[in-house]
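This report refers to the structure that appears directly beneath it.
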Amino acid sequence: MDIINIIGTDDIPSVILDAANGKFEMSGRSLPEDVSAFYKPILDWMDKYSESANPKTVFDFKLTYFNTASSKIILDILMKLEAISNDGKEVLIKWHFPAEDEDMEEAGEEYSEIVDVPFEKVKY
Amino acid sequence: MNKITTIRGFLDFIYSKDYAPVESQISLIYEGEITHQIMKAFTSMTETSLGKNEESSSVSKKVFSVMVECLQNIGKHADAENVIEPEIKRGIFLICKSEDNYNVITGNFIDHSKLEGLKHLLENINTLNKEGLKELYKNKIKVATISEKGGAGLGFIDIARKTGEKLIYDFIPVTENTSFFILKSTVSRNSLN
């Protein structure tokens, strides 16, 4: 599969999706000008990946901020991971949040309540 | 009285209606088109200035997030006073600091066709406590779709949740078909929530 490697800026996150090396990560800030256009290739990649997912997928979220439009898309990504998990593959979501950022911690907690997939919160 | 859609009229309004204490320091006031670039410039300026004032990272992050949602709301949803330039999203944006709070106050045109829906949403948000807002957010994010304008319809709920304060707002009729929508979001400088 193709590798997605996006270098983040002040309004888009860094994204690495590399099935061969088992690296799945989103980090930084997400408030893109056009949220649908930015995330479309990522969602398409996830759809393709889910057709032949690795036996184990560990997806790291290390976001420091995302706007509400991005929050919906992040849920879409999580739901795609949930579907992979429902197919009998092992999936683990690691939600990293800064120690003093209760909003980001709570956001992770809420996602874990909405999707049914192993979810680990990691304070840093 | 100066027209509400001008900076003069806007300031008259917010001071006379107690949206902001007269002694508060305005760090930014702007009237004009709100684009993504302008949003980025304003949030970046404000982050720098909050950093210089040594505000806690929690307060800074809340101010940042309220600014993003408010400015994107205008940039995506503001209507025009007349239909000649419907694509240009204009509004007034103000951020000021008082002893206890940062206030983010915005103003933009809204068509009367959308007024009732917006009023209903804001009234509903203001009746809810922390838990109620969390439930509303969770229920809405599950069914939300990204609109053509690029929003998820979650901005006001998010502002209410992050600030822990009621949304203060008014609608001032301007023309037969439009009103000026004024919204104040308050971030407490002593915020521990």
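The values are calculated or read from the model by the stated rules, or taken from the named source; none is laboratory data. No experiment lies behind these values; they were computed from the predicted model shown. No Cβ is skipped: glycine too gets one built from the backbone with ideal geometry, and neighbour counts run over all protein chains shown.
Taking only pairs six or more apart or across chains, which ones have beta-carbon atoms under 8 Å, a first residue in the range B:151-166 that is surrounded by fewer than 20 Cβ atoms within 10 Å (Cβ to Cβ), and a second residue that is assigned to a loop (DSSP other than H, G, I, E, B)? Close Cβ pairs (under 8 Å, with a partner that is assigned to a loop (DSSP other than H, G, I, E, B)) amount to B:Gly153/B:Ala144; B:Gly153/B:Ser147; B:Gly164/B:Ser191; B:Gly164/B:Asn193. The residue that is surrounded by the most Cβ atoms within 10 Å (Cβ to Cβ), counting only those in the range A:93-103 that are in contact with a Phe, Trp or Tyr (Cβ under 8 Å, 6 or more places away or on another chain) and at pLDDT below 95, is A:Pro98. Residue by residue through the range B:106-140, note down the ones that are outside any helix (DSSP H, G or I) and either among the polar types (S, T, N, Q) or within 14 Å of chain A (Cβ to nearest Cβ) (or both). B:Thr106, B:Asn108, B:Asn129 - these are the residues of the range B:106-140 that are outside any helix (DSSP H, G or I) and either among the polar types (S, T, N, Q) or within 14 Å of chain A (Cβ to nearest Cβ) (or both). Can you find, within the range B:37-51, the residue that is farthest from A:Glu33 (Cα to Cα) among those that are within 11 Å of chain A (Cβ to nearest Cβ) and within 15 Å of the chain's Cα centre (by Cα)? Ranking the candidates gives B:Thr43 first.
Of the residues A:Ala37, A:Ala20, the single one that is surrounded by fewer than 16 Cβ atoms within 10 Å (Cβ to Cβ), of a type in the set (A, V, I, L, M) and either outside any loop (DSSP other than H, G, I, E, B) or in contact with an Asp or Glu (Cβ under 8 Å, 6 or more places away or on another chain) (or both) is A:Ala37. Scanning the range B:94-117 for residues that are hydrophobic (A, V, I, L, M, F, W, C) and either on the phi > 0 side of the Ramachandran plot or crowded, with 17+ Cβ neighbours inside 10 Å (or both) yields B:Leu94, B:Ile95, B:Cys96, B:Val104, B:Ile105, B:Phe109, B:Ile110. Out of B:Gly75, B:Gly91, one residue alone is touching a Lys or Arg at 6+ places or on another chain (Cβ under 6 Å) and buried (at least 19 other Cβ atoms within 10 Å of the Cβ). It is B:Gly75. If you go through the range A:63-102 and keep only what is assigned to a helix (DSSP H, G or I) and over 19 Å from B:Arg161 (Cα atoms), you end up with A:Ile73, A:Asp76, A:Ile77, A:Leu78, A:Met79, A:Lys80, A:Leu81, A:Glu82, A:Ala83, A:Ile84, A:Ser85, A:Asn86. Within the range B:1-18, residues that are surrounded by fewer than 19 Cβ atoms within 10 Å (Cβ to Cβ) reach no partner that is assigned to a helix (DSSP H, G or I) and aliphatic (A, V, I, L, M) with beta carbons closer than 7 Å at six or more positions or on different chains. No other residue among B:Ser98, B:Ser65, B:Ser60 is in contact with a Lys or Arg (Cβ under 6 Å, 6 or more places away or on another chain) and closer than 30 Å to A:Ala99 by Cβ apart from B:Ser65.
Here B:Ile92 meets each of (1) within 18 Å of B:Ser188 (Cα to Cα); (2) touching a residue at least 60 places away in the same chain (Cβ under 8 Å) with one exception, condition (1).
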